[in-house]
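Data block below; observations after.
The values are calculated or read from the model by the stated rules, or taken from the named source; none is laboratory data. Predicted model only: the values in this text are computed from it and were never measured. Here Cβ is always computed from backbone atoms with ideal geometry, including for glycine, and neighbour counts include all displayed protein chains.
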Amino acid sequence: MRKNEITLQEMFSTIVEELRESGRWGTAHIYQASSNAFSAFTNYQALPLRKLSPTVLKRFENHLRQRNCSWNTVSTYIKTIRSTYNRAVDMKCVRYTPRLFEHVYTGTRADRKKALETSDISYLVRETEMGMQEKAFPNNLQKTRIFFVLMFMLRGIPFVDLAYLHKRDLQGNTLSYRRRKTGRALTVALTPEAMQMIRLVASRNQDSPYLFPILHSEEGTEAAYREYQSALRCFNQRLAVLRQCLGMKSALSTYAAKHHTISI
């Protein structure tokens, strides 16, 4: 490697550090994951940016597919490398190579159906309503079911927005919040059933600003982001258990909740 020559991994590290300093923990996580995947591909040998070629990128794509990565994961990693490369070009760290990413996948595929079957939705709602009639405090699996139905009733609210809801966002039976991904302001009028569900799973910590006991750290911190990631994994795991317990045909996940809205 030439003296003072910058590598792809060094560019990744620079961008990850900048993202973390600006509090963009989610984007930093994606760049770090992409860097880790590429480093594993090169057996943790640094790759000078000038050696990034269509052949190397195609081999990386094949490497990911051989390890059962979905096409969407492949696309995310390749696009992140492309963004990192373009940043290096802008900084004049490497010469621009036309059509470098032309023969690797950077699109989006619907790998599987995300929406639920109507029969499964109806059954899930009925089971939740029946469970709400019980006087006992809901267990973890029952809470998972309530949260999932709530996501439908709140116009398909993503789990990240659900986790970051504040108590001040709920005024009477009206919920107002901004999508964290797009910044779009949304207002939802809640039904009595939705209000009852919220009361069952709402945070009972008077000192917490959050509506639900999903996060505990201050918003905008890396600790809060890590809590969200952990809660998301746990929620999807419990949804898989819930699907088996209820004998449902459809796959249950936070993505399924986003792709189907209902009114009760």
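Exactly one residue out of Leu175, Leu190, Leu215 is in contact with a Phe, Trp or Tyr (Cβ under 8 Å, 6 or more places away or on another chain) and of a type outside the set (Val, Ile, Thr), and it is Leu215.
Criterion applied to Val56, Val16 was being in contact with a helix residue (DSSP H, G or I) (Cβ under 6 Å, 6 or more places away or on another chain) and not basic (Lys, Arg), and the one residue passing it is Val16.
If the condition is being among the hydrophobic types (A, V, I, L, M, F, W, C) and closer than 14 Å to Glu102 by Cβ, then the range 54-76 contributes Val56, Leu57.
Restricting Arg87, Arg65 to those that are more than 17 Å from Phe12 (Cβ to Cβ) and either surrounded by 18 or more Cβ atoms within 10 Å (Cβ to Cβ) or of a type in the set (D, E, K, R) (or both) reduces the list to Arg65.
For the range 133-151, the set of residues classified as at pLDDT 85 or above, out of contact with any Leu (no Cβ under 7 Å at 6 or more places or on another chain) and among the basic types (Lys, Arg) consists of Lys143 only.
If you filter the range 209-218 down to residues that are in contact (Cβ under 8 Å) with a residue 40 or more places away in the chain and assigned to a loop (DSSP other than H, G, I, E, B), you find that the one that is farthest from the chain's Cα centre (by Cα) is Pro209. Taking first residues from the range 225-238 that are under 10 Å from Leu215 (Cα atoms) and partners that are of a type in the set (Ser, Thr, Tyr), the Cβ contacts under 6 Å between residues at least 6 apart in sequence or on separate chains come to Glu227/Ser217. Of all residues in the range 12-70, those satisfying the criterion of being free of Cβ contacts under 8 Å to residues at least 40 places away in the same chain, in a helix (DSSP H, G or I) and either at positive phi or among the charged types (D, E, K, R) (or both) are Glu17, Glu18, Glu21, Lys51, Arg59, Arg65. Is it fair to say Gln171 is at pLDDT 90 or above and surrounded by fewer than 18 Cβ atoms within 10 Å (Cβ to Cβ)? For Gln171, the condition - at pLDDT 90 or above and surrounded by fewer than 18 Cβ atoms within 10 Å (Cβ to Cβ) - is met.
A count restricted to the range 219-253 and to residues that are part of a loop (DSSP other than H, G, I, E, B), of a type in the set (A, V, I, L, M, F, W, C) and within 19 Å of the chain's Cα centre (by Cα) stands at 2.
Of all residue pairs spaced 6 or more apart or on separate chains, those with beta-carbon atoms under 9 Å, a first member in the range 174-187 that is part of a loop (DSSP other than H, G, I, E, B) and a second member that is at pLDDT below 90 are Arg180/Gly26.
Go through Thr106, Thr73 for me and flag whichever is within 24 Å of the chain's Cα centre (by Cα), of a type in the set (Ser, Thr, Tyr), assigned to a helix (DSSP H, G or I) and at pLDDT below 95. Outline the logic, then answer.
On the way: Thr106 fails: assigned to a helix (DSSP H, G or I).
It is Thr73.
Could you please let me know if Arg243 is of a type in the set (Lys, Arg) and free of Cβ contacts under 8 Å to residues at least 60 places away in the same chain? Yes: the conditions hold for Arg243.
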